[in-house]
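The values are calculated or read from the model by the stated rules, or taken from the named source; none is laboratory data. Not measured: the values here are computed from a predicted model. Here the Cβ is made from the backbone with ideal geometry for all residues, glycine too, and neighbour counts use every protein chain on show. SASA here: full protein model, heavy atoms, side chains in, ligands and nucleic acids out. Shrake-Rupley method; radii C 1.70, N 1.55, O 1.52, S 1.80 Å.
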There are 2 protein chains.
Amino acid sequence: MQERVLLAHGSGGKLSHDLVERLLVPIFNNPLLEKLDDSASFPASGRLAFTTDSYIVTPIFFPGGDIGRLAVCGTVNDLSMVGARPLYLSVSLIVEEGLPIAELERVARSMQEAAEEAGVTVITGDTKVVNHGSADRLFVNTAGIGKVPEGVDISGSNARPGDAVIVSGPLGDHGIAVMSQREGLSFAAGVESDVAPLNHLVQAMLRASGRIHALRDPTRGGLASTLNEIARQSQVGIRIDEELVPVRDAVRAACEMLGLDPLYVANEGKLVAMLPEEDAEPVVRAMRKERHGSAAAIIGRVCAEEPGRVVMRTRLGTSRIVDMLTGEPLPRIC
Amino acid sequence: MQERVLLAHGSGGKLSHDLVERLLVPIFNNPLLEKLDDSASFPASGRLAFTTDSYIVTPIFFPGGDIGRLAVCGTVNDLSMVGARPLYLSVSLIVEEGLPIAELERVARSMQEAAEEAGVTVITGDTKVVNHGSADRLFVNTAGIGKVPEGVDISGSNARPGDAVIVSGPLGDHGIAVMSQREGLSFAAGVESDVAPLNHLVQAMLRASGRIHALRDPTRGGLASTLNEIARQSQVGIRIDEELVPVRDAVRAACEMLGLDPLYVANEGKLVAMLPEEDAEPVVRAMRKERHGSAAAIIGRVCAEEPGRVVMRTRLGTSRIVDMLTGEPLPRIC
């Protein structure tokens, strides 16, 4: 095979077939994909969830992950945030001419590893190549299909006054890890992306409580934007306590140096949950037994006052409004 | 709203929400999308088909269509090529900073029009923005879910010796239309892309015959590459007759000027079908009653000899091997 991706790898002709059949299909190795028809097919029943995301992170390899792992985990997590068990993924690659084939292979292997970790199967895909300078190395799209268990109705619109607000672990790791790699920031050395599939964590939470109202992964825009979304969708107020919001020291230090607020920095392996206060302790206990929820914490509550607004009690004991992100301090973080 | 797309439109913050809630969601207007959760959900049963494609065509507006119509039709058609009725689409946009919002809106409206034409619903989506120079204006990914009717088993692996080979209309329109726009070729003036959803045509074919073995839309790589794919997948030989392959005069003339073979030029509203010879005439009659099959024609047959090989009887009465496309004469055509 060639050393670098050529335009002809996207032609639909011989080199396209070589790339797909000799490199990609063997990595994602499964009988549904191997049929190589225009669509894959599978038997279905009940309620299904469907989602998509494109990934444009730069650089494509960063501490703790890469664009491939990100693309699989991001879509697995979007399915998980409605309580669905992720089943099938599609993978679509937009490659800049000249990308080393070895890097494409590394990304694809990383996708398959993440898919195995989550227990999902890549059953259909597409590869396009654009001329040098028309894209930045590699963009990845994944779409996903999951099964929503019977009786589960989780939505950003379902948070209710009296719910506890839970986060699954420390905030801001992903954004700072990508930023540090991009800018060569020595003070952020050692911070790794939290990118991880959260479906097993969510299933454990569902076993601990049948009353989870809202789930969301605070990616772009961070926890602050996610809480604002839910406050608006559910028409509730949200109160959080800065003291209770977990942030690693290294991330906090990096944020201070960069003038960033960790509440606005992207996460790729964290979730926020709203559920009745009575169920909060058992759910947090169940989360802490899971690899990706070991530092889960209750950080606040949902209230009826000031619907649509998120308010934080600061370390100083004062209150401040936490608004949705404005501007874009960290572009191309996912 | 701003005049142009800013990086902050991809931040996950306020401008992202504005773009999604004030521009995109109202265009794709439907209750499943409007929930704005991380995944959309829907009830399912039976066998489903799943597919994805990214679209990188340049320019994004071309005679007869645009990247939005292409992205909807392409995925609708990939679902149709396994006999599925397309139901739901995801739409994921990668936008270059600086793209006029009016162009984004025009593309989104075109997607919705094509979706209505096909009878599919856009239920989930994503928008990313990359800095100026990191992508070429706009890339669009669509993934799609369709329902495979009971008893339908259509695959590129199912062509059988004795099958007729049918195409739904003249070849090469899409590739030549995009090329003419890109290069300002006056001799190709008047050629329009054939980009169209083929699901209604396929449903009409399924009503006319219960024995359709293989369907495929000859996009990138053209009819030649598609026939080679099927010949390899089904381990059959394919014989076509140049005289019977429909090509518009303007397309043929443009191909001659450009040194292209219309057999290798992309189509976006055509299909090739393999089915038992006895059913070929009724299927062609049914196709000709449909808007996107009015020039359907039998162009050859499937045989047991020379499995994996496509041979064409030329206008001169000689035979030549029709190989898969090599190289990439028309990059970024879809």
Nearest-ten-degree value, helix A:173-183 long axis tilted from longest Cα axis of chain A:
50 degrees
Taking protein heavy atoms only, a 1.4 Å probe, and rounding to whole percent, the accessible area of the range A:163-321 owed to carbon and sulfur comes out at 47 percent
Share, in percent, of DSSP beta bridges within chain B that are antiparallel, nearest 5
75 percent
Across B:121-128, the residue-averaged tally of Cβ atoms belonging to other chains within 10 Å stands at 5
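Quick one: dipole size for the protein assembly as shown, taken about the Cα centre, charges +1 on Lys/Arg Cβ and -1 on Asp/Glu Cβ, in debye to the nearest 20.
Numbers: 66 positive and 86 negative charges, 138 e Å.
Taking the Cα centre of the protein assembly as shown as origin, the dipole is about 660 debye.
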Taking R0 as 25 Å, what's the FRET efficiency between A:PHE61 and A:ALA295 from their Cβ-Cβ distance, rounded to 0.05?
0.45
Residue with peak Gaussian network fluctuation, chain B [Cα springs, cutoff 10 Å], from B:ASP279, B:ASP66, B:ASP194
B:ASP279
Using a 1.4 angstrom probe on heavy atoms only, work out the carbon and sulfur share of the accessible area of the range A:7-148 in %.
49 percent
With solvent modelled as a 1.4 Å probe, how much accessible area in total do chains A and B shield from it at their shared surface, in Å² to the nearest 100?
6100 Å²
Between B:ASN30 and B:GLU277, what length in nm is gained on full extension when 0.36 nm per residue of separation is reduced by their alpha carbon distance?
84.6 nm
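Return the FRET efficiency for the residue pair A:ARG285, A:ARG160: r is the Cβ-Cβ distance, R0 is 25 Å, and the value is rounded to the nearest 0.05. Intermediate results must be reported in sequence, preceding the final value.
Details: r = 22 Å, r/R0 = 0.87.
After rounding, the FRET efficiency stands at 0.70.
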Give the percent of DSSP beta bridges with both residues in the range B:49-157 that are antiparallel, rounded to the nearest 5.
70 percent
With charges only on Cβ, +1 for K and R and -1 for D and E, what is the dipole size of the range B:1-144 about its Cα centre, in debye, rounded to 20?
180 debye
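Pull up the DSSP beta bridges for the range A:163-321 and report the antiparallel fraction as a percent, rounded to 5.
Here the antiparallel bridges make up roughly 85 percent for the range A:163-321.
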Set of lysines with alpha-carbon distance to B:LYS289 below 16 Å, sequence-local pairs under 8 removed:
B:LYS270
Nearest-ten-degree value, helix B:199-208 long axis tilted from longest Cα axis of chain B
30 degrees
For B:LEU48, list long-range residues whose amide hydrogen, built 1.01 Å from N in the peptide plane, is under 5 Å from its own amide hydrogen.
A:PHE42, A:ALA44, B:VAL148
On a 0 to 90° scale, report how tilted helix A:249-258 is relative to the longest principal axis of chain A, with both axes built from alpha carbons and the result rounded to the nearest 10.
80 degrees
Just to verify a number: FRET efficiency for A:GLN2 and B:THR318, C-beta to C-beta distance, R0 = 35 Å, to 0.05?
0.55
Of B:GLY221, A:LEU99, B:SER209, which is farthest on the positive side of the dipole of the protein assembly as shown, counting Cα position, with +1 on Lys and Arg Cβ, -1 on Asp and Glu Cβ, and the Cα centre as origin?
B:SER209
Once ligands and nucleic acids are excluded and a 1.4 Å probe is used, how much of A:PHE61 is accessible, expressed in Å² to the nearest 10?
30 Å²
Taking a probe of 1.4 Å, how large is the accessible area per residue of the range B:163-321, in Å²?
39 Å²
